[in-house]
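Below you'll find the structure, written out as structure tokens, and then a few comments.
What follows draws every value from the coordinates through simple rules; no lab data is involved. Quick caveat: nothing in here was measured; it's all calculated off a predicted structure. Cβ sites come from the backbone with ideal geometry, for glycine too, and all protein chains shown count toward neighbours.
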Amino acid sequence: MIHNNLSIPTIIGSSLGMIGGLMFMIVYGLIKEIRDSGRKFIFALSVCDFLLGFSAILPGPSVNGLCQFQSFFLSFSYAGSFCFIFLLALVYFLKIFYGKNVDESRKFFIIAIIVIVVFCLISSTLFVTLGKVGSGNTHWCWIEKHRAELVVYSIIWVCLFGTVLLYSILFFKIRKEQKYSKSFQYKIFALGWIYVCTELFPSIKRARQIANPDVENNLFLDVMQSLTAPMLGIWDAVFFVFADKNVRTFIKVKCGKPKKSLNLIKNQNILMQEHLINDDPNDDLNDDN
């Protein structure tokens, strides 16, 4: 049975997720100067996050035939989002730790997209076919207290653990070297743990249900899951639009202000020197030092 008081947190979380994911996709589409190799991965992440928010807000339990569709796309976009979150952390890790710009390889990008999409399609199909799909105690359709949840949640937890591990290693490395700005250090630290906070309540709820399928639902966990699970996309806007000085600069130029921003990118040599296109770790936050 669906709790009526889960509708509002679901709508809020889903709307934030869709707005955040859509915001980056629009910025990426309109501003060709930021369509570098590194931001292709962020664009793919934003697509998954938008689909996650859209899937969660669908009235699956109340519309005949929509429940199975919603369950499949929720699991696909959910797993896909965390796969791309981990991939982005891996790209940062290889670039900073080993100086390998794998994000500039078109072959690497295409292979990564194919592997993640195929992997998520297979896992989501197994997820939907192995268990009984229903609304359970949420506002969307999902597997009702079935161990088939491990198919998707094992992917999410592995990716989440790997993401936090990689960002934590990077944080201590760049903090020790002291050649990166403090703002970039904080960004690396926050990127890992913000996803932990977002996934905390859904993971606690699912872990309880997997450990004991007959455990009673907790209203607090239900509300927090409905709010936080579909809102991953909001962090695409926070970290990769609002907190990215380079993106903000190009947005100001596209909006016709200010002149200072226009002068900054008039000269292509200055542009490349400042690494405004290539999303270099030093680029958007050197002014803190």
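Overview of values
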| read-out | value |
| --- | --- |
| Order of SER81, SER15 - criterion: other Cβ atoms within 10 Å of each residue's Cβ, fewest first | SER15, SER81 |
| LEU219/LEU126 FRET efficiency (R0 41 Å; Cβ-Cβ; nearest 0.05) | 0.85 |
| Derived scalar couplings ³J(HN,Hα) [the range 200-216; Karplus, 6.51 cos²θ - 1.76 cosθ + 1.60; whole Hz; x for Gly, Pro] | 4, 5, x, 5, 4, 4, 5, 5, 5, 6, 5, 5, 9, x, 9, 5, 6 |
| For the range 4-245: rounded, prolate or oblate by the Cα gyration tensor [a/c cutoff 1.5] | prolate |
| Peptide ranges 116-124, 222-230, 72-80, 207-215 listed from the most packed, as the mean C-beta count within 10 angstrom indicates | 72-80, 222-230, 116-124, 207-215 |
| J(HN,Hα) series, the range 72-78, from Karplus relation 6.51 cos²θ - 1.76 cosθ + 1.60, nearest Hz, glycine and proline x | 5, 6, 5, 5, 5, 6, 5 |
| Alpha-carbon centroids, the range 110-125 and the range 168-199: separation in whole Å | 28 Å |
| Packing rank of 87-96, 17-26, where each peptide gets the mean count of other beta carbons within 10 Å, highest leading | 17-26, 87-96 |
| Integer Hz, Karplus 6.51/-1.76/1.60 couplings in order for the range 49-57, x for Gly and Pro | 5, 5, 4, 5, x, 5, 5, 5, 8 |
